[in-house]
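Below is one structure; the comments refer to it alone.
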Amino acid sequence: MAPAPPTIRTAARPAPAAPADSGRRRLGRRARRFAAPLALVAALAITAAACAPEGSPGTYSGDVVVAINQDRAASGLGPLAWDGQLAPYAQAWAQQLAANGAMVHTDLGAMIRLPWMVGWRALGENLIMTSGVPPAGAVEDAWMGSPPHRANILNGGFNRVGVGTASDQYGRLFVVTEFGAR
């Protein structure tokens, strides 16, 4: 497995205390005038982010798919479409891995024989565990540096994908990508 990307660390510094007479009355009126529109914009932004479907660009899972599809395009392959059946499985498996703190692949041979997998011709799976939350492109770069993971990404037979992510209590991120062909 490729080495994990470096952890990104940030530090916060508390704001300095305001002087005793800082013109609060004047700032209070200005703040009240802009508070309602600002609160509305913030609420709309939070709602839009919460409503974005998984796999959409701008979500972490979506950014992983974008990176995968960029590598596929660079190799002359068509993009993988987000799959609503593979995605929940990838998410549940990522949560299971994070809960157990272990990296274990799914038995894809057994999985494809399950009744709810009727219609699937082939499956593949990529896993990664990182410290912190690296950019999605760094996850994809690590996979592309590993021949078996690269083979899944560049498998021209796959046409669907689902991505799941989960973090454990130590701040490690587990990313599961399920590839499929229908």
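No value in this document is a laboratory result; all are computed from the given coordinates. None of the values given here were measured: they were computed from a predicted structure. Virtual Cβ from ideal backbone geometry, glycine too; neighbours counted across all protein chains shown.
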request  = Compare the peptides 132-139, 143-150 by average per-residue count of other Cβ atoms within 10 angstrom and give them in order, highest first.
outcome  = 132-139, 143-150
inquiry  = Relative contact order for region 115-182: what percent, with Cα pairs under 8 Å and sequence separation of 6 or more?
reply    = 49
request  = Pop the C-beta distance of Met111 and Ala81 into the FRET formula with R0 = 22 Å and round what comes out to the nearest 0.05.
outcome  = 0.70
By average C-beta atoms within 10 angstrom, highest first, the peptides 95-106, 154-165 = 154-165, 95-106
remark   = Long-range amide H partners of Ala122, meaning residues 5 or more apart or on another chain whose placed amide H is closer than 5 Å, are Ala181
